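> Before anything else, here's the structure in question.
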Amino acid sequence: MMGYAGQLSLGHALYVGLGAYVAALLWVYFGVGPWLGVFAGILVAAAFGATIGWLGFRFGVEGVYFALLTIAFAEFTRIAFDHLGFAGGSGGLFIPYEERRLGEWWNLRGGQLLFYYGALLLAAGGVVLAAWLTRSRLGFHWLAVREDEIAARAVGIDVFRAKMMAVLISSAMTAVGGVFYAFYYNNLFPAQIFDIGRSIELILAPIVGGLGTVFGPVVGAFILTPLGEGLIAVTEKLGINAPGVKAVFYGLTLMAIISFRPAGVWPWLARLLGVGEKTP
């Protein structure tokens, strides 16, 4: 949405939460496994994305105002789930532990190794899909819209359709991550999964790695996640009570990237390695 279509979203936690809750509820109440529940999660998240996109793009809500619209929807949904009894309300929804289902990889009921390879497969699939999209006709439409929306419209590009496709694909992919999240942690709390902090974490990796590149978000994640988690482990080991240290670290990292590598780490690293990927 941001790197190629130029649409800033600060409410992607909405799609994480919707994918997670829909799949978890289908499992808890109807016994529908995550490999089927993920499609329902995608449909619900895409419907919300379509609503946000239609409201924003049809009425000319752009830039920071579109970002505020995405935050508003995420907060509205968080408050709603706080009061939905069948979803556990503010007390949370818990996926019950069932010993007989251990080892059912098709239901994401297994150990750390299962989730590791599942996450690796999803990440690789996301990179391949992003690479294919950026080289497609739709990808070039996104770039045209990002660079000059008026010029894109003048040469016959359906700007509204291009933006809507970006929102739909982005929300659907994020919902898949939400399903994985639900079955990994086995508990969901609206205040956590719909929190704006989660949306910021999602967008930081592409910014640090390099917006508008295929491998930039991957590099950004490899930088932020180990360093952030390592910092928390070090403070805990030293007995330092610093609950906001991860957020401070992310903020300092973002300022450093903006100051020294405004295009992100990956374009600079690509030049050093001679691999040739450029920021469009």
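The values are calculated or read from the model by the stated rules, or taken from the named source; none is laboratory data. Just so we're clear, the structure is a prediction, and the values are computed from it rather than from any experiment. Positions of Cβ are backbone-derived with ideal geometry, glycine not excepted, and every protein chain shown enters the neighbour counts. Accessible surface is based on the protein model in full, side chains and every heavy atom, while ligands, DNA and RNA are left aside. Shrake-Rupley method; radii C 1.70, N 1.55, O 1.52, S 1.80 Å.
> Those residues that are open to solvent by 10 Å² or more (accessible area, probe 1.4 Å) and either at pLDDT 95 or above or closer than 27 Å to ARG58 by Cβ (or both), I need them from region 201-214; list them, please.
Matches in region 201-214: LEU202, ILE203, PRO206, LEU211.
> Here's another thing I want to ask about it. When you go through ALA72, ALA67 one by one, which is the residue that is small (Gly, Ala, Ser) and open to solvent by 50 Å² or more (accessible area, probe 1.4 Å)?
Sole residue among the options that is small (Gly, Ala, Ser) and open to solvent by 50 Å² or more (accessible area, probe 1.4 Å): ALA72.
> Continuing with this model, one more query. For residues that are open to solvent by 10 Å² or more (accessible area, probe 1.4 Å), in a helix (DSSP H, G or I) and more than 16 Å from VAL28 (Cβ to Cβ), tally how many sit in region 171-196.
9
> Quick one: in region 132-170, of everything that is surrounded by 20 or more Cβ atoms within 10 Å (Cβ to Cβ) and β-branched (Val, Ile, Thr), which residue is nearest to the chain's Cα centre (by Cα)?
Within region 132-170, the match that is nearest to the chain's Cα centre (by Cα) is VAL167.
For (1) of a type in the set (S, T, N, Q); (2) under 15 Å from ALA205 (Cβ atoms); (3) touching a residue at least 40 places away in the same chain (Cβ under 8 Å); (4) open to solvent by less than 40 Å² (accessible area, probe 1.4 Å), each residue gets a yes or a no:
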| site | (1), (2), (3), (4) |
| --- | --- |
| LEU224 | no, yes, no, yes |
| LEU227 | no, yes, no, no |
| ILE232 | no, no, no, no |
| LYS237 | no, no, no, no |
| ILE240 | no, no, no, no |
| VAL245 | no, no, no, yes |
| LEU254 | no, yes, yes, no |
| ARG261 | no, yes, no, no |
| LEU273 | no, no, no, no |
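> Here is a list: ALA182, ALA172, ALA191. Which entry is within 19 Å of MET2 (Cβ to Cβ) and of a type in the set (A, V, I, L, M)?
The unique qualifying residue is ALA172.
> I've got another one for you. I need every pair where a residue in region 174-196 that is without any contact (Cβ under 8 Å) to a residue 24 or more places away in the chain has its Cβ under 8 Å from the Cβ of a residue that is of a type in the set (Lys, Arg), sequence separation at least 6 or different chains.
GLN192/ARG198
> Same structure, new question: With modelled with pLDDT of 95 or more and open to solvent by 50 Å² or more (accessible area, probe 1.4 Å) as the only criterion, which of LEU129, LEU102 stands out?
LEU129
> Answer yes if at least one residue in region 17-24 is open to solvent by less than 50 Å² (accessible area, probe 1.4 Å) and farther than 19 Å from PHE194 by Cβ, and no otherwise.
Looking through region 17-24, none of the residues is open to solvent by less than 50 Å² (accessible area, probe 1.4 Å) and farther than 19 Å from PHE194 by Cβ.
Residues checked against (1) among the hydrophobic types (A, V, I, L, M, F, W, C); (2) under 30 Å from VAL38 (Cα atoms); (3) in contact with an Asp or Glu (Cβ under 7 Å, 6 or more places away or on another chain):
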{"residue": "PHE183", "(1), (2), (3)": "yes, yes, no"}
{"residue": "GLN192", "(1), (2), (3)": "no, yes, no"}
{"residue": "ILE203", "(1), (2), (3)": "yes, yes, no"}
{"residue": "VAL214", "(1), (2), (3)": "yes, yes, yes"}
{"residue": "GLY220", "(1), (2), (3)": "no, yes, no"}
{"residue": "PRO226", "(1), (2), (3)": "no, yes, no"}
{"residue": "ILE232", "(1), (2), (3)": "yes, no, no"}
{"residue": "LEU273", "(1), (2), (3)": "yes, no, no"}
